[in-house]
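Q: Structure in structure tokens, see below.
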Amino acid sequence: MGFVNNGDLANENDNELTTPFWEACARGILVRPVCDACGTNFFTPSLVCPACQSTEWAYQPSSGLGRVYSYTTVHRGPDSTWEVPYVLAIIDMSEGWTMLSQLVITPPDEASPRDVIGLDVKVVFVPENRPPHRVLPMFTPQEAMS
Amino acid sequence: MSSNPLHEVAIVGVGRTAMARHLETSTLRACLDAALAALADAGLTVHDIDGISARWPGPGGTVFQPGSSDWSKLLGVPLRWIGDTYPQGVPAALEAAAAISTGQCETVLVVGGQADLAGGGKVASYTRPDNEFLSCWGSITQAQFALVAQVYFDRYGPDRERLASLAAMIRNSGSKNPKAVMSGRGPYTSADVLASPMIASPFHLLEVCLATEGAAAMVLTSRERARDLPQTPVQLLGGACEWFRQQYVDPPRYDEVGRIGEDAGRRAFAMAGMVPADVDVLELYDINIFEVVRQLEVLGFCGEGEGTDFAFEAGISEDGRLPINTDGGLLSFAHIGWGGPTLKIVEAVHQLRGEAKSGQVAGARTALVTGAGSGAQYHNVLVLGRDD
Ligand SMILES: [Zn+2]
């Protein structure tokens, strides 16, 4: 099973690096770090560009369009406050960056992975139903699923 | 076998506590019990160790790092080398071997585990990393592995019933092991596995590991010193690690971590002068049954996408051609958090000494041990051999 340092040392949330991301989500805009020096898109945010280690990067608005790289329908949440099932997905964004998110679709429990993998999706903003009550970028099909 | 300082190190003692859903003891007490059991198994006392890899769960001591340093007071012995190796198992054995073979110390105790989590024990937080771009989506550990497995399923379409029957084989080995947490449960068929509740697609409940309590320990020293000790030494023949990226921060992708372990496996086998077919018994890190199949592929036992059929046709129970996790593994024996990887080495040592009380593979002389996997974004491999 998983290992993360001591737990006590887990990442600080809502830090200086990522506050602008959540502020943009609250305004209905999906942003991602883009390196001023080499143009690399990256996510999750980090101190320097992972391609060239430049500190000169800025959040820029994304098209919000992407494609499902992988997904899983989760039937056991982290605790009983999570309403299951829900669909986690890795989204490859049109600008060449990637994020984990949820798909706002009917869980494709019995479907073959092919039905969802490769699906073209677009961002939608959903209020977080637990603290710290941010606005979360989730994804929905660009075209109605058959 | 090419010369490598690793070959001059052996595991001379192993120990573990009882395994249970819940142990009515502290993590530290459980770790101490496992440590003393491993030392007794080795025919040694605390005064014989001068190196330790253990971390510090408390109570007592301090919050200073390295936590392993707190053990010198607990055991009443000064130390020459400490390593807060994380996780334990293979990386801890390799670090201890490096310390021993470069003369930093002579004899290392490795110990870890978890207990009394329900009662407020301190090490539970590893199970639920609160990372910023993970926890808000409700990503559980198995979901991280499922994200890798789904791409594999999409690409290779493994025989679902055969894959489930591999999980049933490991679980059934646990069913008949009196020491397994799931002892007496089952036996299971592939249909039972596929009928068990879905956890995170494509994984059903009976295809994923347990979350239990207990502690495990091992003692390593030089081969030279090992010759004077009571147990048949288990020699380190080869070992290597891969660390792709920190786990549970960025999502794992099959195209990045689907083959993790391939490089470590190649290096470990080369060090040992062995090929996969030379391995008598496998202790693979079975966080879920997909990982067993994936690891067989990356470690060179079979080609990419062929693992399910390969393992099914060989048979992975103790009488199969490819015995895997015949104690019941993480699926059925126990999984004790960051001490879990050491359980794999403890079982391998039992197998190579011919002392496994359940699931003994007749005449086993070589063993392969692995740790973590694709969803964890790191992997490690250890090749062990009976040294007589
Ligand atoms: Zn750059």
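The values are calculated or read from the model by the stated rules, or taken from the named source; none is laboratory data. Treat the numbers as computed from the prediction; the structure is a model and nothing was measured. Positions of Cβ are generated from backbone atoms using ideal geometry, with glycine treated the same way; all protein chains shown enter the neighbour counts.
Q: Out of all the residues in the stretch B:348-369, is one or more at pLDDT 95 or above, closer than 17 Å to B:A167 by Cβ and not basic (K, R)?
A: Yes, because at least one residue in the stretch B:348-369 is at pLDDT 95 or above, closer than 17 Å to B:A167 by Cβ and not basic (K, R).
Q: With the condition kept exactly as written, say whether any residue in the stretch A:24-31 is within 15 Å of the ligand (Cβ to nearest atom), within 14 Å of chain B (Cβ to nearest Cβ), without any contact (Cβ under 8 Å) to a residue 60 or more places away in the chain and under 30 Å from B:A146 (Cβ atoms).
A: Within the stretch A:24-31, none of the residues are within 15 Å of the ligand (Cβ to nearest atom), within 14 Å of chain B (Cβ to nearest Cβ), without any contact (Cβ under 8 Å) to a residue 60 or more places away in the chain and under 30 Å from B:A146 (Cβ atoms).
Q: Further, regarding this structure: Which of (1) in contact with a helix residue (DSSP H, G or I) (Cβ under 6 Å, 6 or more places away or on another chain); (2) closer than 30 Å to B:M182 by Cβ; (3) without any contact (Cβ under 8 Å) to a residue 40 or more places away in the chain does B:W56 not meet, given it meets every other one?
A: (2)
Q: So which residues in the stretch A:35-69 are surrounded by fewer than 16 Cβ atoms within 10 Å (Cβ to Cβ), of a type in the set (S, T, N, Q) and near the ligand (Cβ under 10 Å from one of its atoms), if there are any at all?
A: Passing the criteria: A:Q53, A:S54, A:T55.
Q: Can you tell me how many residues in the stretch B:112-133 are at pLDDT 85 or above and surrounded by fewer than 24 Cβ atoms within 10 Å (Cβ to Cβ)?
A: Residues in the stretch B:112-133 being at pLDDT 85 or above and surrounded by fewer than 24 Cβ atoms within 10 Å (Cβ to Cβ): 4 in total.
Q: Any residue at all in the stretch A:72-82 that is closer than 26 Å to A:V34 by Cα, free of Cβ contacts under 8 Å to residues at least 24 places away in the same chain and either within 7 Å of another protein chain (Cβ to nearest Cβ) or assigned to a strand (DSSP E or B) (or both)?
A: Within the stretch A:72-82, none of the residues are closer than 26 Å to A:V34 by Cα, free of Cβ contacts under 8 Å to residues at least 24 places away in the same chain and either within 7 Å of another protein chain (Cβ to nearest Cβ) or assigned to a strand (DSSP E or B) (or both).
Q: Does B:L206 satisfy the condition of being surrounded by 20 or more Cβ atoms within 10 Å (Cβ to Cβ), outside any strand (DSSP E or B) and within 14 Å of chain A (Cβ to nearest Cβ)?
A: The answer is yes for B:L206.
Q: Another question, then. Residues that are over 26 Å from B:L322 (Cβ atoms), in a helix (DSSP H, G or I) and more than 14 Å from chain A (Cβ to nearest Cβ): does the stretch B:226-241 have at least one?
A: yes
Q: Out of B:D327, B:D286, B:D319, I need the residue that is buried (at least 24 other Cβ atoms within 10 Å of the Cβ), more than 14 Å from chain A (Cβ to nearest Cβ), among the charged types (D, E, K, R) and not in a helix (DSSP H, G or I). Which one?
A: Just a single option satisfies the conditions, and that option is B:D327.
Q: Hey, another quick one. Residue check: is B:A268 in the same structural domain as B:G363 (by TED's automatic domain parsing), buried (at least 21 other Cβ atoms within 10 Å of the Cβ) and among the small types (G, A, S)?
A: yes
Q: Need the failing condition index for B:G307 against (1) surrounded by 24 or more Cβ atoms within 10 Å (Cβ to Cβ); (2) modelled with pLDDT under 95, just the number.
A: Among (1) surrounded by 24 or more Cβ atoms within 10 Å (Cβ to Cβ); (2) modelled with pLDDT under 95, B:G307 violates only (2).
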